[in-house]
Amino acid sequence: MSTDTSDRQQQKFREFMGLLPLTVAIAGLPEGRPGEYHNEGQMENRAAVLRNAYKIARSLIQEVVK
């Protein structure tokens with residue numbers, strides 16, 4: 001059972017990493033400037049945008065594959 005869970009986690013990780021370039025492109029977030037850091041609120045907002053972009057990227061790929 002533990003190997004099944006481990007295999008599933010690895011599969012989900014590979015799926016996430018494979019979709020990451022598309023996710024970042026959909027999110028359209030600007031890169032941070034060197035030496036400048038985001039505060040906690042900015043990081044939470046960026047994470048929410050990436051989360052939504054991931055959902056869109058995943059549904060787009062599922063739609064294309066059908």
Checklist outcome for this item: Treating only Lys and Arg (+1) and Asp and Glu (-1) as charged, each at its beta carbon, one finds that the chain has a dipole about its Cα centre, in Debye to the nearest 20, of 220 debye
Checklist entry - What angle do you read, to the nearest 10 degrees and between 0 and 90, between the alpha-carbon axis of helix 2-27 and the longest principal axis of the chain? => result 40 degrees
Next on the checklist: Checking a compactness column here: for the chain, what do you get for Rg(Cα) / (2.2 N^0.38 Å), N being the number of residues?
Outcome noted: 1.39
Item to check | Spatial separation of Cα centroids for the stretch 42-60 and the stretch 1-38, in angstrom | outcome: 10 Å
Item to check | Estimated 222 nm signal from helices in the chain, with DSSP H stretches of n ≥ 4 weighted -39500 (n - 2.57), rounded to 500 | outcome: -28000 deg cm²/dmol
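Any read-out appearing in this document is the output of simple, stated calculations on the displayed coordinates, not a laboratory observation. Remember, predicted model here, so these are calculated numbers, not experimental data. Here Cβ is always computed from backbone atoms with ideal geometry, including for glycine, and neighbour counts include all displayed protein chains.
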